[in-house]
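The values are calculated or read from the model by the stated rules, or taken from the named source; none is laboratory data. If you're wondering where the values come from, they're calculated on a predicted model, not measured in any experiment. Glycine also receives a Cβ, built like all others from the backbone with ideal geometry; neighbour counts cover every protein chain displayed.
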Amino acid sequence: MILDGRQDPAIAQAARVLAAGGLVAFPTETVYGLGADAGSDAAVRGIFAAKGRPSDHPLIVHVPDAGAVTRFAAQVPPVARRLMQAFWPGPLTLILPRKPDVGTAAAGGQDSIGLRCPAHPVAHALLLACAALDPPVSGLAGPSANRFGRVSPTTAQHVASEFDDHLLVLDGGATHVGIESAIVDCTRGVPVLLRPGTLTRAQIEAASGERLWLPEELPGAAPRASGTLESHYAPNARVRLMDAKSLQTALDLLGTDADAIAVYARAPLRTRTRHYRRMPDDAVETARQLFSVLRDFDAAGVKLIWVETPPGTPEWDGVRDRLRRAAAG
């Protein structure tokens, strides 16, 4: 059931469903999330069941503002506070030490928890409505509203195609970021980038005042985090990444048989496929449309999707990450 998330009655209805332990899909600026009361382990287990997601794979908890972080976090290091001030509300998730008595299921049983304050007005209105309840719902666990491992949804219609009609979906239009948030671990003494997003490493370092490390640069295991499995974000069709020259060579070899595949590339290519989409030269715009393009190709029934490998520059890190994981599927 899709409701207009810009309408107060829809927000109120969604908050009541969440307070009763149910699930609601809602838009954020990144992708649509499948929400449940993060403080209720029973409600959160409903997310894992609906998505077919392993219960030890942690979820991101959405909060209305930085002040709500202490509901879930045992401590907030100074670097985390600087990043909140710079990027919240926005597409950045912070991994913080978790209070032992809250959010166990949402954290996948770990002693850390991922927290984010979304920028989308519908998400913000829903979080405020939930916080105003008696008793309050202080945060929403909200992984992407799709079956586990598949392409994330960027419209309400994408969500509805994944689940049955009983799921309440708040429609907030197409998301404007298009890929999931960057994730920074703040539990290891130095900030560690667990997942890239549209925020660049340089932007995060400038705001934090510290070097941003990568997990492989530090000893010991990083906390598990959403969207970091080797295979993720995968459409039904098989994805293959190639440089422009290899793409053109492969298309030339296929000739008239090229119509059986889909192509997403920046370079101008000679091809006979009907399923060709030009990838924007701009990383931000590519991120905005990426998941929608993959879903459109799936809807066309192609079995193979050939994608030109994005540039190796920092602003493309998030797009490259999503495509690499999609191809691993």
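Report whether or not ALA106 is in contact with a strand residue (DSSP E or B) (Cβ under 9 Å, 6 or more places away or on another chain), among the hydrophobic types (A, V, I, L, M, F, W, C) and at pLDDT 95 or above.
Against the criterion (in contact with a strand residue (DSSP E or B) (Cβ under 9 Å, 6 or more places away or on another chain), among the hydrophobic types (A, V, I, L, M, F, W, C) and at pLDDT 95 or above), ALA106 does not qualify.
Which residue, of GLY103, GLY90, is within 18 Å of the chain's Cα centre (by Cα) and of a type outside the set (A, V, I, L, M)?
Within the list GLY103, GLY90, the selection yields GLY90.
When the residues of the range 274-310 are filtered to those that are free of Cβ contacts under 8 Å to residues at least 12 places away in the same chain and part of a loop (DSSP other than H, G, I, E, B), which remaining residue is nearest to the chain's Cα centre (by Cα)?
Going through the qualifying residues, I end up with ASP282.
For the range 1-42, give me the residue count where each residue is surrounded by 20 or more Cβ atoms within 10 Å (Cβ to Cβ), among the small types (Gly, Ala, Ser) and within 16 Å of PHE163 (Cβ to Cβ).
Of the residues in that region, 5 qualify.
Which of the residues belonging to the range 188-198 are buried (at least 24 other Cβ atoms within 10 Å of the Cβ) and among the β-branched types (Val, Ile, Thr)?
Residue satisfying the conditions is THR198 alone.
What number goes with the only condition from (1) in a helix (DSSP H, G or I); (2) among the charged types (D, E, K, R); (3) outside the structural domain of SER152 (by TED's automatic domain parsing) that GLU205 does not pass?
Condition not satisfied by GLU205: (3).
How many residues are surrounded by fewer than 22 Cβ atoms within 10 Å (Cβ to Cβ) and either in a strand (DSSP E or B) or touching a Cys at 6+ places or on another chain (Cβ under 7 Å) (or both) when one looks only at the range 80-95?
Total satisfying the criteria: 1.
On the basis of being crowded, with 22+ Cβ neighbours inside 10 Å and in the same structural domain as THR93 (by TED's automatic domain parsing), does LEU168 make the cut?
Taking the combined requirement at face value, the residue does not satisfy it.
Consider the range 58-75. How many of its residues are surrounded by fewer than 19 Cβ atoms within 10 Å (Cβ to Cβ) and in contact (Cβ under 8 Å) with a residue 40 or more places away in the chain?
3
Kindly evaluate THR271 against the criterion of being in a loop (DSSP other than H, G, I, E, B) and not hydrophobic (A, V, I, L, M, F, W, C).
yes
Are there any pairs, at least 6 apart or on different chains, whose C-beta atoms fall under 7 Å, with the first in the range 12-28 and more than 16 Å from ARG45 (Cβ to Cβ) and the second of a type in the set (S, T, N, Q), and if so, which?
PRO27/THR175; THR28/THR175
Against the conditions (1) charged (D, E, K, R); (2) surrounded by 14 or more Cβ atoms within 10 Å (Cβ to Cβ); (3) part of a helix (DSSP H, G or I); (4) more than 19 Å from the chain's Cα centre (by Cα), where does GLU315 fall short? Just the number, please.
Checking GLU315 against (1) charged (D, E, K, R); (2) surrounded by 14 or more Cβ atoms within 10 Å (Cβ to Cβ); (3) part of a helix (DSSP H, G or I); (4) more than 19 Å from the chain's Cα centre (by Cα), the one that fails is (4).
Looking at this structure, is PRO78 out of contact with any helix residue (DSSP H, G or I) (no Cβ under 6 Å at 6 or more places or on another chain), at pLDDT below 95 and not hydroxyl-bearing (Ser, Thr, Tyr)?
Against the criterion (out of contact with any helix residue (DSSP H, G or I) (no Cβ under 6 Å at 6 or more places or on another chain), at pLDDT below 95 and not hydroxyl-bearing (Ser, Thr, Tyr)), PRO78 does not qualify.
Filter the range 139-161 down to residues that are crowded, with 18+ Cβ neighbours inside 10 Å and more than 16 Å from the chain's Cα centre (by Cα) and give me whichever is farthest from VAL122 (Cα to Cα).
ALA160
Which of the residues spanning the range 245-273 are surrounded by 12 or more Cβ atoms within 10 Å (Cβ to Cβ), touching an Asp or Glu at 6+ places or on another chain (Cβ under 8 Å) and without any contact (Cβ under 8 Å) to a residue 24 or more places away in the chain?
ARG272, THR273
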